[in-house]
């Protein structure tokens with residue numbers, strides 16, 4: 001009985017430590033983005049996305065989405081849109097970009113083009 005209580009206490013303590021740990025470098029809940037990931041994402045953006053989404057994400061007047069308006073707390077939506085494409089306007093990039101590259105793009109998009 002005592003060992004069961006002891007294990008429960010250890011698990012509870014570990015959960016509290018995990019919840020109180022500082023946000024990761026690319027945490028979508030308010031952590032500061034990792035500058036290295038921002039630069040990597042910016043380079044990828046300028047290689048693959050700038051044509052439609054514009055320099056510094058300033059939409060060039062096309063029908064593409066203004067990424068400066070993308071919700072900063074919706075990484076899942078971003079990853080899905082980039083990976084699978086969006087309607088007839090955006091092609092899927094999931095076979096071209098790796099998960100790490102898409103994460104880097106997300107990190108850059110979270111800056112709103114202000115890096």
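Would you mind stating whether residue 22 is modelled with pLDDT of 90 or more, in a loop (DSSP other than H, G, I, E, B) and over 14 Å from residue 113 (Cβ atoms)?
It is false that residue 22 is modelled with pLDDT of 90 or more, in a loop (DSSP other than H, G, I, E, B) and over 14 Å from residue 113 (Cβ atoms).
Starting from residues that are buried (at least 16 other Cβ atoms within 10 Å of the Cβ) and over 15 Å from the mean Cα position of the chain (by Cα), keep the ones in segment 60-92 and report whichever is modelled with the highest pLDDT.
Residues of segment 60-92 that are buried (at least 16 other Cβ atoms within 10 Å of the Cβ), as a first pass: 64-65, 67-68, 70, 75, 78-79, 81-82, 90.
Then keep just the ones that are over 15 Å from the mean Cα position of the chain (by Cα); that gives 64-65, 90.
Details: 64: 87, 65: 87, 90: 91.
Checking each candidate, the answer is 90.
On the given criteria, is residue 104 assigned to a helix (DSSP H, G or I), at pLDDT 95 or above and surrounded by 16 or more Cβ atoms within 10 Å (Cβ to Cβ)?
On the way: assigned to a helix (DSSP H, G or I): yes; at pLDDT 95 or above: yes; surrounded by 16 or more Cβ atoms within 10 Å (Cβ to Cβ): yes.
The answer is yes for residue 104.
When you scan segment 69-93, how many residues do you find that are in contact with a helix residue (DSSP H, G or I) (Cβ under 9 Å, 6 or more places away or on another chain) and more than 22 Å from residue 111 (Cα to Cα)?
Summing the residues that are in contact with a helix residue (DSSP H, G or I) (Cβ under 9 Å, 6 or more places away or on another chain) and more than 22 Å from residue 111 (Cα to Cα) in segment 69-93 gives 2.
Please work out which residue is nearest to residue 31 (Cα to Cα), limiting yourself to segment 75-101 and to residues that are in contact (Cβ under 8 Å) with a residue 24 or more places away in the chain and not in a helix (DSSP H, G or I).
By that ranking, first place goes to 97.
Provide a single number: the residues in segment 46-59 that are in contact with a helix residue (DSSP H, G or I) (Cβ under 8 Å, 6 or more places away or on another chain), surrounded by 15 or more Cβ atoms within 10 Å (Cβ to Cβ) and farther than 15 Å from residue 96 by Cβ.
Summing the residues that are in contact with a helix residue (DSSP H, G or I) (Cβ under 8 Å, 6 or more places away or on another chain), surrounded by 15 or more Cβ atoms within 10 Å (Cβ to Cβ) and farther than 15 Å from residue 96 by Cβ in segment 46-59 gives 3.
Which of (1) in a helix (DSSP H, G or I); (2) closer than 21 Å to residue 31 by Cα does residue 71 not meet, given it meets every other one?
(1)
The values are calculated or read from the model by the stated rules, or taken from the named source; none is laboratory data. None of these values were measured; they are calculated from a predicted model. We place every Cβ from the backbone using ideal geometry, glycine too, and count neighbours over all the protein chains shown.
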